[in-house]
1. Order these peptides, 35-47, 52-64, by their mean beta-carbon neighbour count within 10 angstrom, highest first.
2. Before anything else, pin down the relative contact order of region 10-50: Cα pairs under 8 Å, at least 6 apart, normalised by residue count, whole percent.
3. Extending each Cα 7 Å along its Cβ direction at VAL10 and ILE23, get the distance between those two points in nm, one decimal.
4. Rg/Rh for the chain: what does it come to with C-alpha atoms and Rh from Kirkwood?
5. Once label points are set 7 Å from the Cα along Cα→Cβ at both ARG32 and LYS48, what is their separation, rounded to one decimal in nm?
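No value in this document is a laboratory result; all are computed from the given coordinates. None of these values were measured; they are calculated from a predicted model. Reconstructed Cβ throughout: ideal geometry from the backbone, glycine too, with neighbour counts over all protein chains shown.
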Amino acid sequence: MARRVSLSAVNSELRLANNGVTIKVDADDHERSGRLRIGRAKIVWTPKFKQIGFGKTWEQLIDFLKS
């Protein structure tokens with residue numbers, strides 16, 4: 001099930017469309033840790049420079065965070 005996802009920053013809001021948003025995550029020494037893609041239906045973490053990530057639906061993420 002796709003969810004309505006919004007990101008908020010100081011005095012602004014971004015509503016995700018079909019493509020979602022990708023956040024690049026780097027360590028303090030600028031070494032790539034991975035990418036986090038947040039979409040309406042899934043959240044996908046892709047470590048370092050791998051092509052395939054680990055996807056979870058919003059329901060799976062919410063259940064995990066509740067446990």
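1. Descending packing order for the listed peptides: 35-47, 52-64.
2. 32 percent.
3. Those two pseudo-labels are separated by 1.8 nm.
4. The Rg/Rh ratio comes out at 1.01.
5. My value for the distance between the label points is 1.1 nm.
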